[in-house]
Amino acid sequence: MENRGIEDMFDFRRFPKDALVLLLLLIYFPVGICLMLIRIFVGVHVFLVSCALPESFIRRFIVRIMCSVLGMHVRTKNPRSRDKNTKLYICNHVTEFDHNIINLLTPCHTPQLEGSTGFVCWARGFMEIHSASGQGAIGDTLQRYCSTEGTSPLLLFPEEETTNGRAGLLKFSSWPFSLTDSIQPVALRVTRPLIALSTPDSSWMKELLWTFFAPCTVYHVSWLPTVSRQDGESTQEFANKVQELLAGELSLVSTKITKADKAEHIKRTKRHTVPQASTSARPASIGLGFMVQSLGTDDHRIAKMAQQVKDVLPHVPLNVIAKDLAETNCVDTTITNLLESKEEGPMEATGTSTFGSSMNNSYSSVPAPTIKPAAKCFGRYPVDRHLSLQERKEALYNFARRRYIEKHGLDQEDSH
(Lines give C-alpha, C1' and ligand atoms only; values in the text may rest on other atoms or scores of the structure.)
Protein backbone atom coordinates (compact mmCIF):
# COMPACT_ATOMS: atom_id res chain seq x y z
CA MET A 1 0.00 0.00 0.00
CA GLU A 2 1.12 3.56 -0.72
CA ASN A 3 0.72 6.62 1.45
CA ARG A 4 -0.92 8.93 -1.06
CA GLY A 5 -1.53 12.54 0.02
CA ILE A 6 -4.93 12.94 1.60
CA GLU A 7 -5.49 16.18 -0.32
CA ASP A 8 -5.38 14.19 -3.58
CA MET A 9 -8.08 11.79 -2.42
CA PHE A 10 -10.92 14.30 -2.08
CA ASP A 11 -12.26 17.40 -3.82
CA PHE A 12 -12.53 20.23 -1.34
CA ARG A 13 -13.71 22.68 -4.03
CA ARG A 14 -16.91 22.27 -5.99
CA PHE A 15 -15.81 24.47 -8.89
CA PRO A 16 -12.67 24.04 -11.00
CA LYS A 17 -9.53 26.16 -10.67
CA ASP A 18 -8.85 26.32 -14.40
CA ALA A 19 -9.95 29.70 -15.78
CA LEU A 20 -11.19 28.31 -19.09
CA VAL A 21 -13.30 25.59 -17.46
CA LEU A 22 -14.64 28.16 -15.01
CA LEU A 23 -15.67 30.39 -17.92
CA LEU A 24 -17.45 27.46 -19.58
CA LEU A 25 -19.24 26.73 -16.29
CA LEU A 26 -20.37 30.37 -16.09
CA ILE A 27 -21.80 30.17 -19.60
CA TYR A 28 -23.48 26.84 -18.81
CA PHE A 29 -24.93 28.03 -15.48
CA PRO A 30 -28.37 29.24 -16.78
CA VAL A 31 -28.76 26.00 -18.76
CA GLY A 32 -27.82 24.00 -15.65
CA ILE A 33 -30.48 25.75 -13.57
CA CYS A 34 -33.16 24.95 -16.16
CA LEU A 35 -31.99 21.34 -16.36
CA MET A 36 -32.08 21.01 -12.59
CA LEU A 37 -35.69 22.24 -12.39
CA ILE A 38 -36.82 19.90 -15.17
CA ARG A 39 -34.96 16.96 -13.66
CA ILE A 40 -36.48 17.56 -10.23
CA PHE A 41 -39.92 17.16 -11.84
CA VAL A 42 -38.81 14.03 -13.71
CA GLY A 43 -37.10 12.67 -10.59
CA VAL A 44 -40.38 12.67 -8.68
CA HIS A 45 -41.87 10.46 -11.39
CA VAL A 46 -38.84 8.17 -11.33
CA PHE A 47 -39.35 7.70 -7.61
CA LEU A 48 -43.06 6.98 -8.04
CA VAL A 49 -42.42 4.47 -10.84
CA SER A 50 -39.76 2.66 -8.79
CA CYS A 51 -42.20 2.41 -5.88
CA ALA A 52 -45.14 1.24 -7.99
CA LEU A 53 -43.43 -1.47 -10.03
CA PRO A 54 -42.33 -4.74 -8.38
CA GLU A 55 -38.67 -5.81 -8.44
CA SER A 56 -37.98 -7.22 -11.91
CA PHE A 57 -35.88 -6.77 -15.02
CA ILE A 58 -38.60 -4.57 -16.58
CA ARG A 59 -38.60 -2.25 -13.57
CA ARG A 60 -34.80 -1.90 -13.61
CA PHE A 61 -34.83 -1.26 -17.38
CA ILE A 62 -37.50 1.48 -17.15
CA VAL A 63 -35.86 3.18 -14.18
CA ARG A 64 -32.47 3.04 -15.90
CA ILE A 65 -33.86 4.80 -18.97
CA MET A 66 -35.51 7.46 -16.79
CA CYS A 67 -32.28 7.95 -14.84
CA SER A 68 -30.55 8.70 -18.13
CA VAL A 69 -32.95 11.63 -18.49
CA LEU A 70 -31.79 12.76 -15.05
CA GLY A 71 -28.22 12.78 -16.37
CA MET A 72 -27.12 9.57 -14.64
CA HIS A 73 -25.76 7.25 -17.35
CA VAL A 74 -24.58 3.71 -16.59
CA ARG A 75 -22.04 1.74 -18.61
CA THR A 76 -21.05 -1.81 -17.75
CA LYS A 77 -17.94 -3.84 -18.44
CA ASN A 78 -17.73 -7.63 -18.26
CA PRO A 79 -21.44 -8.12 -17.39
CA ARG A 80 -21.10 -11.86 -18.00
CA SER A 81 -18.63 -12.08 -15.11
CA ARG A 82 -21.37 -11.34 -12.59
CA ASP A 83 -21.83 -14.39 -10.38
CA LYS A 84 -25.50 -15.00 -9.61
CA ASN A 85 -24.59 -17.21 -6.66
CA THR A 86 -22.53 -14.57 -4.87
CA LYS A 87 -24.04 -13.21 -1.67
CA LEU A 88 -21.74 -10.22 -1.24
CA TYR A 89 -20.58 -7.50 -3.62
CA ILE A 90 -17.65 -5.29 -2.59
CA CYS A 91 -17.38 -1.92 -4.33
CA ASN A 92 -15.34 1.25 -4.01
CA HIS A 93 -17.25 4.37 -2.94
CA VAL A 94 -17.36 7.53 -5.09
CA THR A 95 -20.79 9.20 -4.77
CA GLU A 96 -23.83 9.08 -2.49
CA PHE A 97 -25.79 7.17 -5.15
CA ASP A 98 -23.44 4.29 -5.94
CA HIS A 99 -25.80 1.72 -4.44
CA ASN A 100 -28.69 3.00 -6.58
CA ILE A 101 -26.59 2.63 -9.74
CA ILE A 102 -25.53 -0.96 -8.95
CA ASN A 103 -29.14 -1.77 -8.11
CA LEU A 104 -30.12 -0.73 -11.66
CA LEU A 105 -27.94 -3.58 -12.97
CA THR A 106 -28.73 -6.34 -10.49
CA PRO A 107 -30.97 -6.69 -7.42
CA CYS A 108 -29.00 -6.08 -4.22
CA HIS A 109 -29.37 -4.47 -0.81
CA THR A 110 -27.12 -1.99 0.95
CA PRO A 111 -27.61 -1.60 4.73
CA GLN A 112 -27.80 1.88 6.17
CA LEU A 113 -25.09 1.87 8.85
CA GLU A 114 -25.18 5.59 9.64
CA GLY A 115 -27.48 8.51 9.07
CA SER A 116 -31.23 8.86 8.77
CA THR A 117 -33.69 6.03 9.28
CA GLY A 118 -37.34 5.41 8.51
CA PHE A 119 -38.85 6.85 5.34
CA VAL A 120 -35.69 8.68 4.19
CA CYS A 121 -33.65 5.50 4.52
CA TRP A 122 -36.20 3.53 2.50
CA ALA A 123 -36.63 6.27 -0.14
CA ARG A 124 -32.88 6.39 -0.75
CA GLY A 125 -32.85 2.65 -1.45
CA PHE A 126 -31.11 1.50 1.73
CA MET A 127 -31.96 -1.52 3.84
CA GLU A 128 -32.64 -0.38 7.38
CA ILE A 129 -31.11 -2.38 10.20
CA HIS A 130 -31.10 -1.71 13.93
CA SER A 131 -27.58 -0.45 14.72
CA ALA A 132 -28.12 0.38 18.40
CA SER A 133 -26.45 -2.84 19.53
CA GLY A 134 -23.08 -2.00 18.00
CA GLN A 135 -21.09 -3.11 15.00
CA GLY A 136 -20.71 -6.67 16.31
CA ALA A 137 -24.46 -7.18 16.38
CA ILE A 138 -24.76 -5.64 12.91
CA GLY A 139 -22.14 -8.08 11.61
CA ASP A 140 -24.03 -11.04 13.08
CA THR A 141 -27.30 -9.82 11.51
CA LEU A 142 -25.73 -9.41 8.07
CA GLN A 143 -23.97 -12.75 8.35
CA ARG A 144 -27.28 -14.49 9.02
CA TYR A 145 -28.76 -12.60 6.07
CA CYS A 146 -26.00 -13.85 3.74
CA SER A 147 -26.52 -17.43 4.88
CA THR A 148 -30.28 -17.32 4.22
CA GLU A 149 -31.39 -18.89 0.98
CA GLY A 150 -33.37 -16.84 -1.54
CA THR A 151 -32.18 -13.41 -0.38
CA SER A 152 -30.67 -10.81 -2.71
CA PRO A 153 -26.91 -10.17 -2.43
CA LEU A 154 -25.51 -7.49 -0.16
CA LEU A 155 -23.61 -4.53 -1.58
CA LEU A 156 -21.06 -3.07 0.84
CA PHE A 157 -18.51 -0.26 0.61
CA PRO A 158 -15.57 -1.16 2.88
CA GLU A 159 -14.01 2.29 2.41
CA GLU A 160 -16.98 3.63 4.43
CA GLU A 161 -16.48 7.11 2.89
CA THR A 162 -16.54 8.60 -0.58
CA THR A 163 -13.44 9.70 -2.50
CA ASN A 164 -12.98 11.52 -5.80
CA GLY A 165 -12.05 8.20 -7.45
CA ARG A 166 -8.99 9.64 -9.18
CA ALA A 167 -6.06 9.13 -6.79
CA GLY A 168 -6.50 6.04 -4.65
CA LEU A 169 -8.67 3.87 -2.44
CA LEU A 170 -9.18 4.32 1.28
CA LYS A 171 -8.09 1.44 3.48
CA PHE A 172 -10.74 -1.27 3.44
CA SER A 173 -12.42 -2.11 6.71
CA SER A 174 -12.11 -5.80 7.57
CA TRP A 175 -15.57 -6.48 9.05
CA PRO A 176 -17.43 -6.83 5.67
CA PHE A 177 -15.05 -9.64 4.71
CA SER A 178 -16.02 -11.65 7.79
CA LEU A 179 -19.60 -12.11 6.53
CA THR A 180 -18.78 -14.72 3.90
CA ASP A 181 -15.77 -16.50 2.46
CA SER A 182 -16.59 -15.66 -1.17
CA ILE A 183 -17.16 -12.14 -2.53
CA GLN A 184 -17.31 -10.46 -5.93
CA PRO A 185 -15.45 -7.13 -6.37
CA VAL A 186 -17.18 -4.39 -8.36
CA ALA A 187 -15.01 -1.56 -9.70
CA LEU A 188 -16.76 1.79 -10.04
CA ARG A 189 -15.41 4.80 -11.92
CA VAL A 190 -17.45 8.01 -12.16
CA THR A 191 -16.88 10.99 -14.45
CA ARG A 192 -18.60 14.36 -14.60
CA PRO A 193 -17.70 17.51 -16.54
CA LEU A 194 -17.34 21.05 -15.15
CA ILE A 195 -17.91 20.39 -11.42
CA ALA A 196 -16.62 17.98 -8.77
CA LEU A 197 -18.45 14.76 -7.99
CA SER A 198 -18.72 15.50 -4.28
CA THR A 199 -17.29 17.58 -1.46
CA PRO A 200 -16.72 16.40 2.12
CA ASP A 201 -19.09 18.88 3.78
CA SER A 202 -22.03 18.33 1.42
CA SER A 203 -25.21 16.40 2.25
CA TRP A 204 -26.82 13.81 -0.02
CA MET A 205 -29.61 16.25 -0.92
CA LYS A 206 -27.12 18.86 -2.12
CA GLU A 207 -25.28 16.20 -4.08
CA LEU A 208 -28.55 15.19 -5.75
CA LEU A 209 -29.22 18.78 -6.82
CA TRP A 210 -25.69 19.15 -8.19
CA THR A 211 -26.19 15.88 -10.09
CA PHE A 212 -29.32 17.34 -11.68
CA PHE A 213 -27.43 20.57 -12.44
CA ALA A 214 -24.48 18.89 -14.17
CA PRO A 215 -24.75 18.02 -17.88
CA CYS A 216 -24.28 14.34 -17.13
CA THR A 217 -22.70 11.91 -14.67
CA VAL A 218 -21.37 8.71 -16.18
CA TYR A 219 -20.97 5.59 -14.01
CA HIS A 220 -18.60 2.92 -15.36
CA VAL A 221 -19.26 -0.42 -13.62
CA SER A 222 -16.84 -3.30 -14.06
CA TRP A 223 -17.49 -6.79 -12.71
CA LEU A 224 -14.40 -8.66 -11.50
CA PRO A 225 -14.18 -12.44 -10.99
CA THR A 226 -15.27 -13.88 -7.66
CA VAL A 227 -12.57 -14.00 -4.96
CA SER A 228 -12.49 -16.53 -2.10
CA ARG A 229 -10.59 -16.40 1.16
CA GLN A 230 -7.72 -18.86 1.45
CA ASP A 231 -7.15 -21.14 4.43
CA GLY A 232 -5.34 -19.36 7.24
CA GLU A 233 -5.96 -15.94 5.69
CA SER A 234 -7.21 -13.32 8.14
CA THR A 235 -10.07 -10.99 7.32
CA GLN A 236 -7.73 -7.98 7.09
CA GLU A 237 -5.43 -9.83 4.69
CA PHE A 238 -8.46 -10.80 2.63
CA ALA A 239 -9.59 -7.15 2.62
CA ASN A 240 -6.14 -5.95 1.54
CA LYS A 241 -6.10 -8.47 -1.31
CA VAL A 242 -9.47 -7.32 -2.64
CA GLN A 243 -8.40 -3.69 -2.26
CA GLU A 244 -5.33 -4.34 -4.40
CA LEU A 245 -7.48 -6.03 -7.07
CA LEU A 246 -9.87 -3.08 -7.28
CA ALA A 247 -7.02 -0.57 -7.28
CA GLY A 248 -5.36 -2.41 -10.16
CA GLU A 249 -8.60 -2.49 -12.16
CA LEU A 250 -9.14 1.25 -11.66
CA SER A 251 -5.44 2.17 -12.15
CA LEU A 252 -5.38 3.66 -8.66
CA VAL A 253 -3.23 3.04 -5.59
CA SER A 254 -4.14 1.37 -2.31
CA THR A 255 -3.59 3.66 0.66
CA LYS A 256 -3.66 3.33 4.43
CA ILE A 257 -5.84 6.42 4.80
CA THR A 258 -9.00 5.64 6.75
CA LYS A 259 -12.39 7.22 7.26
CA ALA A 260 -11.17 8.67 10.57
CA ASP A 261 -8.19 10.30 8.82
CA LYS A 262 -10.56 12.01 6.40
CA ALA A 263 -12.71 13.34 9.24
CA GLU A 264 -9.66 14.60 11.12
CA HIS A 265 -8.26 16.29 8.02
CA ILE A 266 -11.56 18.09 7.38
CA LYS A 267 -11.72 19.23 11.00
CA ARG A 268 -8.13 20.47 10.89
CA THR A 269 -8.73 22.30 7.61
CA LYS A 270 -11.74 24.14 9.01
CA ARG A 271 -9.84 25.02 12.19
CA HIS A 272 -6.98 26.66 10.29
CA THR A 273 -9.19 28.62 7.88
CA VAL A 274 -9.23 32.14 9.39
CA PRO A 275 -10.54 35.02 7.28
CA GLN A 276 -8.18 38.00 7.10
CA ALA A 277 -9.48 41.43 8.06
CA SER A 278 -9.17 44.42 5.75
CA THR A 279 -5.94 46.42 6.19
CA SER A 280 -7.75 49.75 5.77
CA ALA A 281 -9.84 49.37 8.94
CA ARG A 282 -9.16 51.21 12.16
CA PRO A 283 -7.35 49.30 14.93
CA ALA A 284 -10.50 49.06 17.01
CA SER A 285 -12.54 47.93 13.99
CA ILE A 286 -9.91 45.32 13.12
CA GLY A 287 -10.07 43.93 16.64
CA LEU A 288 -13.86 43.85 16.51
CA GLY A 289 -13.89 42.26 13.04
CA PHE A 290 -11.52 39.50 14.11
CA MET A 291 -13.61 38.88 17.17
CA VAL A 292 -16.81 38.62 15.11
CA GLN A 293 -15.17 36.21 12.67
CA SER A 294 -13.68 34.01 15.35
CA LEU A 295 -16.82 33.84 17.46
CA GLY A 296 -19.97 32.03 16.52
CA THR A 297 -23.02 33.67 14.97
CA ASP A 298 -24.71 33.99 18.36
CA ASP A 299 -21.88 36.20 19.63
CA HIS A 300 -22.08 38.83 16.88
CA ARG A 301 -24.48 40.85 19.01
CA ILE A 302 -22.00 40.84 21.90
CA ALA A 303 -19.27 42.05 19.55
CA LYS A 304 -21.44 44.97 18.43
CA MET A 305 -22.23 45.82 22.04
CA ALA A 306 -18.50 45.71 22.79
CA GLN A 307 -17.90 48.36 20.13
CA GLN A 308 -20.51 50.58 21.77
CA VAL A 309 -18.73 50.26 25.09
CA LYS A 310 -15.42 50.90 23.30
CA ASP A 311 -16.77 54.22 22.01
CA VAL A 312 -17.42 55.34 25.58
CA LEU A 313 -14.33 53.78 27.18
CA PRO A 314 -11.68 53.70 24.43
CA HIS A 315 -8.88 52.97 26.91
CA VAL A 316 -10.35 49.55 27.85
CA PRO A 317 -9.24 46.58 25.67
CA LEU A 318 -11.91 44.80 23.63
CA ASN A 319 -11.23 41.41 25.20
CA VAL A 320 -11.96 42.82 28.68
CA ILE A 321 -15.18 44.43 27.42
CA ALA A 322 -16.34 41.25 25.69
CA LYS A 323 -15.63 39.16 28.79
CA ASP A 324 -17.79 41.42 30.94
CA LEU A 325 -20.56 41.61 28.32
CA ALA A 326 -20.73 37.83 28.22
CA GLU A 327 -21.74 37.93 31.89
CA THR A 328 -23.94 41.07 31.98
CA ASN A 329 -25.41 41.15 28.47
CA CYS A 330 -25.99 44.87 28.98
CA VAL A 331 -23.98 47.87 27.71
CA ASP A 332 -24.82 50.18 30.64
CA THR A 333 -24.05 47.54 33.26
CA THR A 334 -20.72 46.74 31.62
CA ILE A 335 -19.74 50.42 31.54
CA THR A 336 -20.58 50.71 35.24
CA ASN A 337 -18.63 47.54 36.07
CA LEU A 338 -15.57 48.74 34.19
CA LEU A 339 -15.67 52.13 35.88
CA GLU A 340 -16.06 50.54 39.30
CA SER A 341 -13.38 47.93 38.70
CA LYS A 342 -10.40 48.03 41.00
CA GLU A 343 -8.21 47.07 38.03
CA GLU A 344 -8.94 50.34 36.24
CA GLY A 345 -5.33 51.40 36.54
CA PRO A 346 -3.82 48.25 34.91
CA MET A 347 -6.44 48.37 32.16
CA GLU A 348 -5.50 51.94 31.28
CA ALA A 349 -1.88 50.89 31.10
CA THR A 350 -2.77 47.97 28.82
CA GLY A 351 -4.88 50.16 26.58
CA THR A 352 -2.16 52.77 26.37
CA SER A 353 0.54 50.22 25.47
CA THR A 354 -1.64 48.63 22.80
CA PHE A 355 -2.96 51.72 21.10
CA GLY A 356 -0.44 54.20 22.48
CA SER A 357 0.41 56.31 19.50
CA SER A 358 -3.07 56.27 17.97
CA MET A 359 -4.74 57.32 21.23
CA ASN A 360 -2.29 60.13 21.78
CA ASN A 361 -2.98 61.45 18.27
CA SER A 362 -6.75 60.98 18.49
CA TYR A 363 -7.31 62.51 21.90
CA SER A 364 -4.53 65.02 22.15
CA SER A 365 -7.12 67.81 22.20
CA VAL A 366 -9.11 66.29 25.06
CA PRO A 367 -8.17 67.73 28.45
CA ALA A 368 -6.81 65.27 30.96
CA PRO A 369 -9.27 64.18 33.61
CA THR A 370 -8.95 65.73 37.03
CA ILE A 371 -9.10 62.49 38.93
CA LYS A 372 -8.36 62.73 42.58
CA PRO A 373 -5.90 60.16 43.81
CA ALA A 374 -7.01 57.45 46.11
CA ALA A 375 -6.72 57.96 49.80
CA LYS A 376 -3.15 57.75 51.07
CA CYS A 377 -4.20 55.29 53.72
CA PHE A 378 -6.94 52.73 54.03
CA GLY A 379 -9.96 54.34 55.69
CA ARG A 380 -10.76 53.18 59.16
CA TYR A 381 -14.51 53.52 58.62
CA PRO A 382 -16.65 52.30 55.71
CA VAL A 383 -17.98 55.82 55.19
CA ASP A 384 -14.49 57.14 54.45
CA ARG A 385 -13.75 54.35 52.01
CA HIS A 386 -17.10 54.86 50.25
CA LEU A 387 -16.47 58.58 49.85
CA SER A 388 -13.08 57.91 48.23
CA LEU A 389 -14.69 55.43 45.81
CA GLN A 390 -17.51 57.82 44.95
CA GLU A 391 -15.04 60.62 44.15
CA ARG A 392 -13.11 58.41 41.74
CA LYS A 393 -16.32 57.13 40.11
CA GLU A 394 -17.62 60.66 39.59
CA ALA A 395 -14.34 61.77 38.03
CA LEU A 396 -14.31 58.80 35.65
CA TYR A 397 -17.93 59.44 34.67
CA ASN A 398 -17.14 63.05 33.85
CA PHE A 399 -14.07 62.07 31.85
CA ALA A 400 -16.00 59.46 29.81
CA ARG A 401 -18.85 61.94 29.23
CA ARG A 402 -16.48 64.62 27.94
CA ARG A 403 -14.86 62.20 25.48
CA TYR A 404 -18.24 61.03 24.21
CA ILE A 405 -19.37 64.65 23.69
CA GLU A 406 -16.13 65.50 21.89
CA LYS A 407 -16.41 62.46 19.60
CA HIS A 408 -20.05 63.01 18.55
CA GLY A 409 -19.93 66.83 18.52
CA LEU A 410 -22.68 67.27 21.11
CA ASP A 411 -23.35 70.33 23.21
CA GLN A 412 -22.82 70.21 26.91
CA GLU A 413 -26.50 71.00 27.51
CA ASP A 414 -27.68 68.16 25.18
CA SER A 415 -25.78 65.57 27.16
CA HIS A 416 -27.85 66.13 30.27
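The values are calculated or read from the model by the stated rules, or taken from the named source; none is laboratory data. What you see is a predicted model; the values in this text were computed from it and never measured. Ideal geometry is used to build each Cβ from the backbone, glycine not excepted, and the neighbour counts take in all protein chains shown. Accessible surface areas use protein heavy atoms only, side chains included; no ligands, DNA or RNA. Shrake-Rupley method; radii C 1.70, N 1.55, O 1.52, S 1.80 Å.
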How big is the gap, in Å, between the Cα center of region 76-97 and the Cα center of region 26-41? 31
Pairs beyond 18 Å (Cα-Cα), from Lys171/Lys262; Lys171/Lys241; Lys310/Lys407; Lys206/Lys259: Lys206/Lys259
What percentages, rounded to whole numbers, describe P(r) for region 1-53 computed over all alpha carbon pairs with 10 Å bin width beginning at zero? 19, 24, 25, 23, 9
Search the structure for amide H atoms under 5 Å from the amide H of Gly168, placed 1.01 Å from N in the peptide plane, and list their residues when 5 or more places away or on another chain. Val253
Report ³J(HN,Hα) in whole Hz for each residue of region 313-319, in order, from the Karplus equation J = 6.51 cos²θ - 1.76 cosθ + 1.60 where θ = phi - 60°; Gly and Pro get x. 10, x, 7, 8, x, 5, 5
Those trypsin sites (Lys or Arg not before Pro) from region 1-73 that are DSSP loop and have at most 11 other Cβ neighbours within 10 Å turn out to be Arg13, Lys17
Options Ile6, Ile90, Ser50, ranked by Cα towards positive dipole end of region 1-126, top entry (Cβ charges): Ser50
With charges set only on the Cβ (+1 for Lys and Arg, -1 for Asp and Glu), what does the dipole of region 46-108 come to about its Cα centre, in debye to the nearest 20? 320
So what does the Cα-only Debye profile of region 1-112 read at q = 0.10, 0.13 Å⁻¹, as log10 I(q)/I(0), no solvent term? -0.47, -0.76
With region 47-169 reduced to its Cα atoms and the Debye formula applied, log10 I(q)/I(0) at q = 0.11, 0.23 1/Å amounts to -0.41, -1.68
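Highest mean first, what order results for 208-220, 85-97, 66-78 on Cβ atoms within 10 Å?
So the order, starting with the most tightly packed, is 85-97, 208-220, 66-78.
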How large, in percent, is the carbon and sulfur part of the accessible surface of region 166-255 at a probe radius of 1.4 Å? 51
Using θ = phi - 60° and the Karplus form 6.51 cos²θ - 1.76 cosθ + 1.60, what ³J(HN,Hα) does each residue of region 48-61 get, whole Hz, x for Gly and Pro? 5, 5, 5, 7, 7, 7, x, 5, 6, 5, 5, 4, 5, 5
Within 10 Å of each candidate Cβ there may be at most 10 other Cβ atoms; applying that plus a DSSP loop requirement, which GluC sites (Glu not before Pro) in region 146-239 survive? Glu149
Could you size up the charge dipole of region 167-266 around its Cα centre, putting +1 on the beta carbon of Lys and Arg and -1 on that of Asp and Glu, and report it in debye to the nearest 20? 300
